[in-house]
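Engineer: I have a structure I would like to understand better, so I am pasting it below and will then ask my questions one at a time.
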Amino acid sequence: MTGNQPPAVPAAKRVPHSWDRPTGAAQDHYAWLRDREDPDTIGYLEAENTFADSWFAPYADTVEAIYEEIRSRVQETDDSPPVRDGDWWYQRRTEEGKAYSIHTRGRSAETAGEQLVLDTNAEADGHEFFSLGMLNVSPDHTLAAWSADTDGSERYTVRFRDVAAGTDIDDVLEGTKSGASAWSADGSWFFYMLPDATERPYRVMRHRMGTPQADDVEVYTDDDERFFVGVGTTLSEGWIVISSQSKITAESWLLPADDPTAEPVLVRARETGVEYDVDDWGDQLVVHTNLDAEDFRVMTAPHDAPGEWTELEPHQPGQRITGVAPFAGHLVIHEWHDAQPRMRLLFRDGTRRVLPGLDAPHSIGFAGNRTWDTDVLRVGMQSMVDPHRIVDIDVRTGEQTLVKQHPTPNVDLGDYTADRIWATAEDGTRVPVDVVRHVGTPVDGSAACLLYGYGSYEHSIPPSFSVARLSLLDRGMTYALVHPRGGGEGGRRWYLDGKLLAKRNTFTDTLAAADHLVETGWSAPDRLAIRGGSAGGLLVGACITMRPDRFATAVADVPFVDIVTTMSDPTLPLTVTEWEEWGDPREEPYASYMLSYSPYDNTVAADYPAIYVTAGLNDPRVSYHEPAKWVARLREMHTGTRPIVMKTEMGAGHGGPSGRYEAWRDEARTLAFLLSTTGVIDRA
């Protein structure tokens, strides 16, 4: 760029390359972008970033206005409700002007902010990126194991904080994976995870405090690349649980927390298609499984015979049990029922009770429960029009105490209204869609609308509150959250009908929702936008390549769009583990089926919507080259004039920039793109 002349639209070089596939040779002249060491790769990404900055420059005032709106609606200095853990009460707080959380504790709820445990602002100082992986306090509460990733690669360094002294001890564990960890009962041993060459957590290590990492002992390794391994401690603190799970199969082992060097005991040998997880209920084990129960059931087993299961809570078709939490006197069951999450109590005497939620479609879940022997359950709930609230429920009496209502300064909650509507898919399936708008926005076909979706991995997205979203609603845009097949909102069958050779249902469900929003007046035909991230970015890509005329705008955050090429390469992170979700395109019928919806392969000459794509150079989940290749091909094939913009975080990974202020500013840019390209605000 020279003077006031804008940068040229980036054009990636074309290098001949052919992939050998069961469907025939596939030409891919942007395959070279996979080589991060090629100077032209970084050069292209930087050219795209320069172009993105230039494109957003005329909207600087809008971005700044939205950023200030978001910031004004957040109480920047705030405390989380103290949570009791043993003789201590732990708390997390934020302070105005600081990007990260501060973790503290005290001997009472009133003094929980007195003693500093970890100030992540101090630890993040000097790093462009910072992510806290875990903060796990030892059983005697003298040490706090904490881990950090400083480049977005999701490789963590674990350190141990002497909480009383406020300094880290000498023990350091390098190259760890995930936040999964466990302490022995006496705090002398620490269990953690290591990744394999494809970044899969596959090995559990045991570290003796005060010794070098080189002396650590392997406790368990799973060399089957379909399985992810984890480790943790039961809430009862009696057991350390090692779990190994693929997309469709699971296996667990138990270690007494007071005998950490013992050999792990297998709960039940893996059986293809059988999933389970295990927890401790004091005098017996609790098992949550899909054995002969598509939507899962709850079983019990003796400690000395963990593989002998007896039914406690039977299977209810369509009522997907997603988790079970044992407390000394009761169990808490989390489930999805009628496309809505809910929680139920099950007492030892067989008494059952459903916990009340909110009036609008909502989210409900655990909100900090660290005490095993208690009659008080802490629950968090929110909806699209109800900010997150934390409630203590007396499980015996049902009495509820509001612990904290998440503050939303400068917001009149009465200005917004939410509805659940139902679209009809092409095969007649009813698809739930949650819609929120400003009460002053008419439902007459004139409004712009943002449709958000995910629909993979049985991951359910309940309706939730967002202060950033208000900047769209206040400008007359509606927001719709679609729950397509492939997620878990409608039970396990809802998921199975949106994966493998039924994956196209995820995209056609979303397109049906898009059509319904227009036909019923929630959006104008030429002002509909779509957004999703990661596998949701695949949804976005598939929808706009199937129906480029349906949307005015598309936002794809770190999108998984080169699915056939990526899933054909078992050396890449996650590929082998993902075959049970998507299929293996190295063989039929998956080769043809996946090719039928792969956004990169189906990007042909068309007038595409305005498109904003994000990527992370250090992303271990969706490698940067997928969005980069897709944008390069979109530029080549786009026959229209609407903008295509890509921003790559050069020092971050899958989650984008770290720190709340940078995250808010990043979101403000995205919202400005949506508002401008749907005609809500004037184009620059």
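Engineer: Within region 351-470, which strands (runs of 3 or more DSSP E) (wholly inside it) include 3 or more residues that are in contact with a His (Cβ under 8 Å, 6 or more places away or on another chain) and surrounded by 20 or more Cβ atoms within 10 Å (Cβ to Cβ)?
Structural biologist: It comes to 376-383, 430-438.
Engineer: Any chance region 204-220 includes a residue that's modelled with pLDDT of 95 or more, within 24 Å of the chain's Cα centre (by Cα) and outside the structural domain of ARG370 (by TED's automatic domain parsing)?
Structural biologist: yes
Engineer: Right, something else. Which of the numbered conditions does GLN91 fail, given that it passes all the others? Conditions: (1) within 25 Å of the chain's Cα centre (by Cα); (2) farther than 23 Å from PHE465 by Cβ.
Structural biologist: (2)
Conditions tested, residue by residue: (1) under 19 Å from the mean Cα position of the chain (by Cα); (2) more than 29 Å from LEU574 (Cα to Cα); (3) not aromatic (Phe, Trp, Tyr).
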residue	(1), (2), (3)
VAL467	yes, yes, yes
SER471	no, yes, yes
ASP474	no, yes, yes
VAL482	yes, no, yes
GLU489	yes, no, yes
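Engineer: With (1) touching a Ser or Thr at 6+ places or on another chain (Cβ under 9 Å); (2) under 28 Å from ASP359 (Cα atoms); (3) surrounded by fewer than 21 Cβ atoms within 10 Å (Cβ to Cβ) as the list, and TRP336 as the residue in question, which single condition is left unmet?
Structural biologist: Just one mismatch for TRP336, condition (3).
Engineer: Right, another one. Please work out which residue is farthest from ARG635 (Cα to Cα), limiting yourself to region 591-607 and to residues that are crowded, with 21+ Cβ neighbours inside 10 Å and of a type outside the set (A, V, I, L, M, F, W, C).
Structural biologist: In this case the residue turns out to be TYR597.
Engineer: Could you tell me whether region 263-276 includes any residue that is part of a strand (DSSP E or B), at pLDDT 95 or above, within 22 Å of SER460 (Cα to Cα) and out of contact with any His (no Cβ under 6 Å at 6 or more places or on another chain)?
Structural biologist: yes
Yes/no matrix, rows are residues, columns are (1) modelled with pLDDT of 95 or more; (2) farther than 26 Å from ILE461 by Cβ; (3) not assigned by TED's automatic domain parsing to the domain that holds THR397; (4) not in a strand (DSSP E or B):
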residue: GLU237; (1), (2), (3), (4): yes, yes, yes, yes
residue: SER244; (1), (2), (3), (4): yes, yes, yes, no
residue: LYS247; (1), (2), (3), (4): yes, no, yes, yes
residue: TRP253; (1), (2), (3), (4): yes, yes, yes, no
residue: HIS288; (1), (2), (3), (4): yes, no, yes, no
residue: LEU291; (1), (2), (3), (4): yes, yes, yes, yes
residue: VAL298; (1), (2), (3), (4): yes, no, yes, no
residue: ALA305; (1), (2), (3), (4): yes, yes, yes, yes
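Engineer: Among (1) surrounded by fewer than 21 Cβ atoms within 10 Å (Cβ to Cβ); (2) assigned by TED's automatic domain parsing to the domain that holds TYR661; (3) touching a residue at least 24 places away in the same chain (Cβ under 8 Å), which single condition is PRO81 missing?
Structural biologist: Result: PRO81 fails condition (2) only.
Engineer: When the residues of region 184-229 are filtered to those that are among the hydrophobic types (A, V, I, L, M, F, W, C) and out of contact with any Phe, Trp or Tyr (no Cβ under 9 Å at 6 or more places or on another chain), which remaining residue is surrounded by the most Cβ atoms within 10 Å (Cβ to Cβ)?
Structural biologist: So, considering only residues that are among the hydrophobic types (A, V, I, L, M, F, W, C) and out of contact with any Phe, Trp or Tyr (no Cβ under 9 Å at 6 or more places or on another chain), the one surrounded by the most Cβ atoms within 10 Å (Cβ to Cβ) is ALA185.
Engineer: Could I ask something else about it? Looking only at region 236-263, which residues are hydrophobic (A, V, I, L, M, F, W, C), touching a residue at least 60 places away in the same chain (Cβ under 8 Å) and either more than 28 Å from ARG492 (Cβ to Cβ) or surrounded by 20 or more Cβ atoms within 10 Å (Cβ to Cβ) (or both)?
Structural biologist: Scanning region 236-263 gives a single hit, ALA257.
Engineer: When you go through (1) of a type in the set (D, E, K, R); (2) farther than 26 Å from LYS499 by Cβ; (3) assigned by TED's automatic domain parsing to the domain that holds LEU538 one by one for ASP682, which number turns out not to apply?
Structural biologist: It fails just one condition, (3).
A quick yes/no check of all residues on (1) at pLDDT 95 or above; (2) under 26 Å from SER131 (Cβ atoms):
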position	(1), (2)
THR2	no, no
ALA8	no, no
ASP40	yes, no
THR50	yes, no
PRO58	yes, no
ARG73	yes, yes
VAL83	yes, yes
GLN91	yes, yes
TYR100	yes, yes
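Engineer: Residue check: is THR142 under 15 Å from MET209 (Cβ atoms) and either without any contact (Cβ under 8 Å) to a residue 12 or more places away in the chain or hydroxyl-bearing (Ser, Thr, Tyr) (or both)?
Structural biologist: Spelling it out, THR142 is indeed under 15 Å from MET209 (Cβ atoms) and either without any contact (Cβ under 8 Å) to a residue 12 or more places away in the chain or hydroxyl-bearing (Ser, Thr, Tyr) (or both).
Engineer: Continuing with this model, one more query. Only one residue in SER18, SER101 is among the polar types (S, T, N, Q) and more than 30 Å from LYS404 (Cα to Cα). Which one?
Structural biologist: Matching residue, one of SER18, SER101: SER18.
Engineer: Do you know which of the residues in region 96-114 that are in contact (Cβ under 8 Å) with a residue 24 or more places away in the chain and surrounded by 15 or more Cβ atoms within 10 Å (Cβ to Cβ) is farthest from ARG370 (Cα to Cα)?
Structural biologist: ALA99
Engineer: Suppose the filter is of a type in the set (Val, Ile, Thr), closer than 21 Å to VAL117 by Cα and not in a loop (DSSP other than H, G, I, E, B); does THR176 pass it?
Structural biologist: No, not satisfied.
Engineer: Please work out if ALA60 is assigned to a helix (DSSP H, G or I) and either in contact (Cβ under 8 Å) with a residue 12 or more places away in the chain or over 28 Å from PRO589 (Cβ atoms) (or both).
Structural biologist: So ALA60 passes the test.
Engineer: Could you identify the single residue in ALA182, ALA165, ALA144 that is over 23 Å from the mean Cα position of the chain (by Cα) and in a strand (DSSP E or B)?
Structural biologist: ALA144
Engineer: A further question follows. Take the residues in region 634-684 that are assigned to a helix (DSSP H, G or I) and basic (Lys, Arg), then tell me which one is farthest from the chain's Cα centre (by Cα).
Structural biologist: That would be ARG635.
Engineer: Okay, next question. Take region 184-229 and flag every residue that is over 23 Å from ASP162 (Cβ atoms) and acidic (Asp, Glu).
Structural biologist: ASP196, GLU199, GLU218, ASP222, ASP223, ASP224, GLU225
Engineer: Looking at (1) within 30 Å of VAL137 (Cβ to Cβ); (2) at pLDDT 95 or above; (3) not hydrophobic (A, V, I, L, M, F, W, C), find the lone condition where GLY368 falls short.
Structural biologist: It is condition (2) that GLY368 fails.
Engineer: Are any residues in region 614-644 surrounded by 22 or more Cβ atoms within 10 Å (Cβ to Cβ) and either touching an Asp or Glu at 6+ places or on another chain (Cβ under 8 Å) or polar (S, T, N, Q) (or both), and if so, which ones?
Structural biologist: Those that are surrounded by 22 or more Cβ atoms within 10 Å (Cβ to Cβ) and either touching an Asp or Glu at 6+ places or on another chain (Cβ under 8 Å) or polar (S, T, N, Q) (or both): THR614, ALA615, GLY616, SER623, HIS625, GLU626, ALA628, LYS629, TRP630, VAL631.
Engineer: Could you grab me the full set of residues in region 94-124 that are closer than 23 Å to VAL74 by Cα and part of a loop (DSSP other than H, G, I, E, B)?
Structural biologist: GLU95, GLU96, GLY97, LYS98, ALA99, TYR100, SER101, ALA112, GLY113
Engineer: Which one of these does ALA512 not meet: (1) over 22 Å from TRP336 (Cβ atoms); (2) surrounded by fewer than 24 Cβ atoms within 10 Å (Cβ to Cβ); (3) touching a Pro at 6+ places or on another chain (Cβ under 9 Å)?
Structural biologist: Going through (1) over 22 Å from TRP336 (Cβ atoms); (2) surrounded by fewer than 24 Cβ atoms within 10 Å (Cβ to Cβ); (3) touching a Pro at 6+ places or on another chain (Cβ under 9 Å) one by one, ALA512 breaks only (1).
The values are calculated or read from the model by the stated rules, or taken from the named source; none is laboratory data. What you are looking at is a predicted structure, and each value in this text was computed from that prediction instead of being measured. Positions of Cβ are backbone-derived with ideal geometry, glycine not excepted, and every protein chain shown enters the neighbour counts.
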